[in-house]
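No lab work stands behind these numbers, since they all come straight from the coordinates. All figures in this text were calculated on a predicted structure; none of them were measured in a lab. Cβ coordinates were reconstructed from backbone atoms using ideal geometry, including for glycine residues, and neighbour counts include every protein chain displayed.
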Amino acid sequence: MTPAPIAVALDAPNLETAARWASLVTPHVSTVKVGLELYLRYGPDVIASVRGASGVQIFLDLKLHDIPNTVAGAVRAVGRLKPAILTVHATGGPAMIEAAVQAAPERTQIAAVTVLTSLSAADLARLGVQGPPDDAVRRLAALAVGAGAQALVCSPREVAAVRAEVGPRITLITPGVRPAGSDTQDQARVATPEAAIADGADLLVIGRPITGSPDPGAAAAGIAAALRRTALSRP
């Protein structure tokens with residue numbers, strides 16, 4: 001059975017828990033995501049621990065954002081870990097994104113983060129970004145793809161508009177995905193897994209609804225099964 005297009009966010013308190021969660025979910029999902037906190041606490045060792053023998057794809061979510069030369073050096077430094085996906089901030093600008101793409105290993109996609117899913121329209125206005133979030137997301141998406149980014153991170157609320165903007169070849173990654181009935185927690189722009197896929201997402205980032213469950217493996221299996229049922233029900 002093909003693993004579901006889900007990246008489980010391993011926001012664990014320690015390396016042992018992250019590795020255990022990874023082992024429980026990898027039969028059901030294609031990808032596990034290592035974020036900034038876990039990487040800074042344990043360094044490169046965390047990648048080998050969560051990858052294990054499964055060969056699961058690693059999404060290294062460091063959201064790099066600095067001058068182009070510094071970001072290029074950081075990309076080369078983590079490139080030896082062979083992540084499938086590595087994030088940078090789209091607001092770093094086209095020169096920074098291009099530098100990251102050129103420094104990345106051949107099989108690592110540089111994913112540009114557009115607007116964080118924790119930010120609402122009011123938050124953006126306070127930052128000086130006028131207009132609805134989807135306008136800012138589309139502008140940043142076009143900028144990033146023009147600079148060579150192969151993937152984009154956007155909320156599920158904007159994924160349909162971004163797909164229309166950048167076409168079918170760009171991988172769209174959507175955090176802020178919550179199964180129906182789940183607590184949105186600190187996410188401001190959310191949607192269900194089924195809705196995000198229907199709107200054009202390629203990879204869903206799901207953390208606490210899976211890892212906060214008493215049985216993360218069963219939770220991942222349940223969401224994966226729901227996605228398969230939705231796919232089969234489409235004409």
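Given a 10 angstrom Cα cut-off, can you work out which residue in PRO168, PRO156, PRO193 is the most mobile in a GNM of the chain?
Evaluated over the chain, the most mobile residue of the options is PRO168.
Just the Kirkwood number for the chain, please: inverse of mean 1/r across all distinct Cα pairs, in Å, one decimal. If you can, show how the numbers build up before the last one.
Working: mean 1/r = 0.0561 Å⁻¹.
Over the chain, the inverse of the mean reciprocal pair distance is 17.8 Å.
May I ask you to compute the full-extension gain from ALA218 to LEU127, defined as 0.36 nm times their residue separation minus their alpha-carbon distance, rounded to one decimal in nm?
On the way: separation 91, 0.36 × 91 = 32.76 nm, distance 4.04 nm.
Value of the extension gain: 28.7 nm.
With the cut-off at 1.5 for a/c, could you classify the stretch 109-150 from its C-alpha gyration tensor as rounded, prolate or oblate? Before the final figure, lay out the partial values.
Numbers: a/c = 3.18, a/b = 2.06, b/c = 1.54.
Because a/c hits 1.5 or more and a/b exceeds b/c, the stretch 109-150 counts as prolate.
Over the stretch 4-111, what portion of Cα pair distances is larger than 17 Å, expressed as a whole percent?
Working: 2864 of 5778 pairs.
I get 50 percent for the Cα pairs in the stretch 4-111 exceeding 17 Å.
Can you list the residues, at least 5 places off or on another chain, whose amide H is less than 5 Å from the amide H of ALA7, using H built in the peptide plane?
Under 5 Å from the amide H of ALA7: LEU204, VAL205, ILE206.
Where in the chain is the longest stretch that carries no trypsin sites (Lys or Arg not before Pro) classed as loop by DSSP and with at most 15 other Cβ atoms within 10 Å? Could the numbers behind the result be given before it?
Numbers: sites that count: ARG80, ARG107, ARG169.
Here the longest run is 1-79.
If you build the convex hull over the alpha carbons only and average its shadow over all orientations, what do you get for the stretch 10-62? Give it in nm² to one decimal. Working shown, then result.
Details: hull surface 12.1 nm².
Taking the Cα atoms of the stretch 10-62, their convex hull projects to 3.0 nm² on average.
Starting at the first residue of the stretch 118-128, write each ³J(HN,Hα) from the Karplus equation 6.51 cos²θ - 1.76 cosθ + 1.60 with θ = phi - 60°, in whole Hz, x for Gly and Pro.
Using θ = phi - 60°, the values come out as 7, 8, 9, 4, 5, 4, 5, 4, 5, 8, x Hz.
Please check: in the Gaussian network model of the chain (C-alpha springs, under 10 Å), which one of GLY52, GLY93, GLY176 has the largest mean-square fluctuation.
GLY52
GNM on the chain, C-alpha springs below 10 Å: top fluctuator among VAL29, VAL46, VAL129?
Taking springs between Cα atoms under 10 Å, the residue moving most is VAL129.
Can you tell me the length gained on complete extension of the stretch SER54 to GLU37, counting 0.36 nm per residue apart and subtracting the Cα distance? Could the numbers behind the result be given before it?
Details: separation 17, 0.36 × 17 = 6.12 nm, distance 2.32 nm.
Between SER54 and GLU37, full extension yields 3.8 nm more.
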